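In what follows, a single structure is set out as structure tokens and then discussed.
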Amino acid sequence: MSQGLIGFEELYRRYAGDVHRFSCWLTGDPDEAKDITSETFVRVWLARSDVRIESVKAYLFAIARNLWLKDKRRKSRLSPVDAESGEEPSDESAGPDLLTELRLDLEETMKAIQTLPEIERTVLVMKAEDSLSYEDIAGATGLTVANVKVRIFRARTKIRSILESRQGV
């Protein structure tokens, strides 16, 4: 793949879904994730420069993460954090028993992810959900590649432990 430039419209078309999904994992709230996604692309638009293809996803995730952190700090000064998220996923093609089981599994996993320290949650989502390389994650977060690997390992271990303890395994 050549290392060319990408315009704003193409950038949005290719990556808005990824940024929104990443933001959902950070926030646990689809509406807040929409706001972060929109603001991320506004920031890129205002920068008025083309973005290099080889680093664009990590760049967008870094912006989204920084917006989320800024909003989190602002909210912590204003009011206590509400642990409940509003919307539930639905798949009308599955039966009610399977839907209930899947929803409960997802809720438990989301709760476990939300208990992780922010940086561990961030690197885990970047790796698991968005398949970014360790190098891209390191670039987006300011960590070393070795530190990224350690934090991902710790995050996975903590989530596994939390889920096993909740299921009585």
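In the range 148-169, the residues that are more than 13 Å from GLU120 (Cβ to Cβ) form Cβ pairs under 9 Å with partners that are among the polar types (S, T, N, Q), at six or more places apart or across chains, as follows: LEU163/THR109.
Restricting the range 143-161 to residues that are within 22 Å of ARG21 (Cβ to Cβ) and open to solvent by less than 70 Å² (accessible area, probe 1.4 Å), which is modelled with the lowest pLDDT? Here the answer is ILE159. Of all residues in the range 64-103, those being at pLDDT below 55 and either open to solvent by 90 Å² or more (accessible area, probe 1.4 Å) or of a type outside the set (Gly, Ala, Ser) (or both) number 12.
Check whether at least one residue in the range 30-44 is at pLDDT below 90, crowded, with 20+ Cβ neighbours inside 10 Å and basic (Lys, Arg), and report yes or no. Taking every residue of the range 30-44 in turn, none turns out to be at pLDDT below 90, crowded, with 20+ Cβ neighbours inside 10 Å and basic (Lys, Arg). Annotation note: Cβ proximity below 6 Å between a residue of the range 15-44 that is in contact (Cβ under 8 Å) with a residue 24 or more places away in the chain and a residue that is open to solvent by 10 Å² or more (accessible area, probe 1.4 Å) and of a type in the set (Phe, Trp, Tyr) (sequence gap 6+ or interchain) occurs for LEU26/TRP68; ILE36/TRP68; PHE41/TYR12. In the range 108-141, the qualifying residues are those that are at negative phi and among the hydroxyl-bearing types (Ser, Thr, Tyr), and the one that is least open to solvent (accessible area, probe 1.4 Å) is THR122.
The values are calculated or read from the model by the stated rules, or taken from the named source; none is laboratory data. None of these values were measured; they are calculated from a predicted model. Cβ coordinates were reconstructed from backbone atoms using ideal geometry, including for glycine residues, and neighbour counts include every protein chain displayed. For accessibility, only protein heavy atoms count, side chains too; no ligands or nucleic acids. Shrake-Rupley method; radii C 1.70, N 1.55, O 1.52, S 1.80 Å.
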